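> Pasting in a structure now, in structure tokens, and then I'll have a few things to ask.
FYI, it's all coordinate maths here, none of it is from the lab. Values in this document were obtained by computation on a predicted structure and should not be read as measured data. As a convention, Cβ positions derive from the backbone with ideal geometry for all residues, glycine included, and neighbour counts pool all protein chains shown.
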Amino acid sequence: MNNVPETLKPVMSLIVYHSESSSYVEEHTIRELQDNKFTFGPGKPARVKLLGKLLEEIKGIDKSKYEFKNFIPSNVVRFNLKDQNLNLMWLFKKSVRELTFSETNQIQNKLKTIPNLIFQIKNGELYVYAYKLDRGLKTKIYYAPFHNIYNDGKVCMGNAKIDWNISDLEELIIHIEKMFFNSKFTHLNHSNFKNNINVIWDRNGFNDNANLTSYNKFLKDLI
């Protein structure tokens, strides 16, 4: 090992697996044998705290207040911090939840089917989109069929405020989803929907993906 001081010994190895749509980092402990030889231990998923510590030591960067306390959840598709600016994107699978609409929309407030969604935090703003099938970076994007969302996907928060003091990103994701779904859906901010979403929501929601309107973009265009 060239340029490595003799006082330093290898103790761990990181192996990065990468495809077009995802990455995976595995850590292996290294044991020293006789005659200055070494052997690799079994691999296991790299710990987030370990990777963060290594970045601090190698690059000398400041520790961000945002981190995943445990492993990065499998539904997270992007996590990036640049100059302390959080860019976080995750998938939300189709589910049934009770939603609240303003009286002017004439929609019954009851359990509704919510389509697959993509949540994104970017530049301190919340964006929400819809999708049908998860195909990695080639996932086709659709307009999130909700009131209070602009045609670029940005959510009109109204009086609701994201608590940016939540440093555990798993907790922040839960907080944002809860805040979004518990808000009152009041008005449409664009007219790009191919169907009347008020009628669809009044019929129990978006169980049929055919009612979604294409955004003419892919997941890779959001990154």
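> Using a Förster distance of 45 angstrom, determine the FRET efficiency expected from the C-beta separation of residue 171 and residue 39, and round it to 0.05. List each step's numbers first, then the result.
Working: r = 39 Å, r/R0 = 0.87.
Working from the Cβ atoms, E equals 0.70.
> Just tell me the longest site-free run in the chain, where the sites are trypsin sites (Lys or Arg not before Pro) in a DSSP loop having at most 16 other beta-carbon atoms within 10 Å. The partial results should precede the final answer.
Numbers: sites that count: 37, 47, 63, 65, 69, 93, 94, 110, 132, 135, 161, 194, 203.
Longest stretch, sites excluded: 1-36.
> Using only the Cα atoms of the range 127-198, build the gyration tensor, take square roots of its eigenvalues as a ≥ b ≥ c, and label the shape rounded, prolate or oblate: rounded if a/c is under 1.5, else prolate if a/b is larger than b/c, else oblate.
Working: a/c = 2.47, a/b = 1.23, b/c = 2.01.
Oblate.
> Report the full-extension gain for the segment residue 217 to residue 30: residue separation times 0.36 nm, less the Cα-Cα distance, to one decimal in nm. Intermediate values should be presented prior to the final figure.
On the way: separation 187, 0.36 × 187 = 67.32 nm, distance 4.50 nm.
Working it through step by step, the gained length comes to 62.8 nm.
> Roughly how big is the chain's charge dipole about its Cα centre, with Cβ charges of +1 (Lys, Arg) and -1 (Asp, Glu), in debye to the nearest 20? If you can, show how the numbers build up before the last one.
Values: 31 positive and 24 negative charges, 115 e Å.
Result for the chain is approximately 560 debye, rounded to the nearest 20.
> Another question about this same structure. Taking springs between alpha-carbon atoms closer than 10 angstrom, which of 33, 126, 51 fluctuates most in the Gaussian network model of the chain?
33
> Which whole-number percent is the relative contact order of the chain (Cα, under 8 Å, 6+ apart)? All intermediate terms of the calculation are to be shown ahead of the outcome.
On the way: 368 pairs, mean separation 37.5, N = 223.
Relative contact order here is 17 percent.
> Among 165, 200, 218, whose Cα projects farthest towards the positive end of the dipole of the range 160-223, with charges put on the beta-carbon of Lys, Arg (+1) and Asp, Glu (-1)?
Farthest along the dipole direction, towards plus: 200.
> Roughly how tilted is helix 169-181, in degrees to the nearest 10 and between 0 and 90, from the longest Cα axis of the chain?
So the helix axis and the longest Cα principal axis differ by about 0 degrees.
> For a 31 Å ceiling on Cα separation, which of these pairs sit above it: 94/122; 82/184; 178/220? Can you show the working numbers first?
Details: 94/122 23 Å; 82/184 33 Å; 178/220 26 Å.
Check vs 31 Å cut-off fails for 82/184.
> Could you list the chymotrypsin sites (Phe, Trp or Tyr not before Pro) in the range 71-120 that lie in coil according to DSSP, counting only those with at most 15 other Cβ atoms within 10 Å of their Cβ?
Values: sites: 71, 79, 90, 92, 101, 119; in loops: 71.
Loop-located and lightly packed - 71.
> On C-alpha positions alone, give me the angle between the axis of helix 48-59 and the longest principal axis of the chain, in degrees, nearest 10.
The angle comes out at about 60 degrees.
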